[in-house]
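Scroll down for the structure; my scribbles are underneath it.
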Amino acid sequence: MRKIFFLMIAAALLSACTKEIDFDFHEEDPVVVIEGQVTNEGRWVTVSRSRSVTDSVHSRCLPGAYITINGDDGLTTELTYDEATNRYFSPVPGEPGNTYFLNMFFEGVQYKASSTMPPAAIINTSEFSWMPMMGERMLCYEMTGVDPQPDVRNYYWFRMHRLSHHPHLKDKRQTAPFSWDLFDDRGCPPGTIIMDWMLMSEKKMDEDDEKDWDRILYDGDRVTVTLMAVDPKVYNYLSELGSGQYHGANPHSNISGGCLGYFAAGSITHADTIVFSRDNIEDYHKKP
């Protein structure tokens, strides 16, 4: 588990000192936010506007955009707005190796982007385990898979979703990923990819504090994991987004026209759904 060692060091450093950080937010005029994907499962785009950091209202996809996506294969598809699913959509799948081009007109402005679709990585194993750390047990997740191009640097976007019927969460929106991370195949054995992720201490799970409800897995939660191979530009955008947006600056979008967001062509694979049960989780044992 190549990330766990670094996380152990980080945990030790964080436990040694604390610092109170004050965030000085300032209001900005709303800008267009575009999120779009071409995958082996279809093509979709959402269009919204940025909101204040204090705004708790979930954004809706805005109608009125004209959106087409075309690829190296010569096929052009127009995406149709669907209010029920809150996005523009076409069921036409993408094919690995093709470059796809987004062309969108919205409120008199043209937005354009391109992204090349890498091959998919097959998921072999997907499991939780308990790992001892600093006198506690940490809930960890590890996934292994097949690197489709061992001689090429490949980039991946890992997302964990959970469907929970626990009373703490029955009235909470659960459409956003429960957890997500990025990684590449550097340091992995040839032909193999390994992703490991530390979620929460067993002590925190036992304490069941309200501030942690969105981060705790409860018995009976159904956990699904998707792995999406993405190109370097999308990887960099998501890295900037996840690292605190450059201390307040917006991540660099790969879409022209003056907007926020990203356009990604990627191959998606799914791990088998796990019904979470703490009693069934074993202590971590290093694989041979």
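The values are calculated or read from the model by the stated rules, or taken from the named source; none is laboratory data. Quick caveat, the model's predicted, so the values are computed rather than measured. Here Cβ is always computed from backbone atoms with ideal geometry, including for glycine, and neighbour counts include all displayed protein chains. To get the accessible areas, we keep the full protein, side chains included, count just its heavy atoms, and leave off ligands, DNA and RNA. Shrake-Rupley method; radii C 1.70, N 1.55, O 1.52, S 1.80 Å.
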Charge tally for neighbours of TYR155 with beta carbon under 11 Å away, counting Lys, Arg as +1 and Asp, Glu as -1, is 0
Ordered by packing density, taken as the mean number of other Cβ atoms within 10 Å over each peptide's residues, highest first, how do 273-284, 39-50 rank?
-> 39-50, 273-284
Tell me, what % of the accessible area of the range 29-145 is carbon and sulfur with a 1.4 angstrom probe?
-> 52 percent
With a/c under 1.5 counting as rounded, go ahead and sort the range 100-176 into rounded, prolate or oblate using the C-alpha gyration tensor (a ≥ b ≥ c being the square roots of the eigenvalues; past the cut-off, prolate if a/b is larger than b/c, else oblate).
-> oblate
At q = 0.08, 0.10, 0.15, 0.19 Å⁻¹, the log10 of I(q)/I(0) for the range 130-288 from a Debye sum over equal Cα scatterers comes to -0.29, -0.45, -0.99, -1.34
If we sort 257-264, 188-195 on the protection proxy, mean other Cβ atoms within 10 Å, highest first, what's the order?
-> 257-264, 188-195
To the nearest 10 square angstrom, how much accessible area does TRP213 have with a 1.4 angstrom probe?
-> 50 Å²
Filter the cross-link list LYS170/LYS204; LYS172/LYS211; LYS170/LYS203 down to pairs whose alpha-carbon distance in this structure exceeds 19 Å.
-> LYS170/LYS204; LYS170/LYS203
Does the range 37-155 come out rounded, prolate or oblate by the C-alpha gyration tensor, with a ≥ b ≥ c the root eigenvalues, rounded set by a/c under 1.5 and, if not, prolate when a/b is larger than b/c and oblate if not?
-> oblate
What shape does the range 201-274 have by the C-alpha gyration tensor, where a ≥ b ≥ c are the square roots of the eigenvalues, rounded means a/c under 1.5, and otherwise prolate means a/b greater than b/c and oblate the rest?
-> oblate
Accessible area per residue, 1.4 Å probe, Å², for the range 189-229: what's the number?
-> 47 Å²
Sort the following peptides by mean Cβ neighbour count (other Cβ atoms within 10 Å, averaged over residues), highest first: 160-173, 130-143.
-> 130-143, 160-173
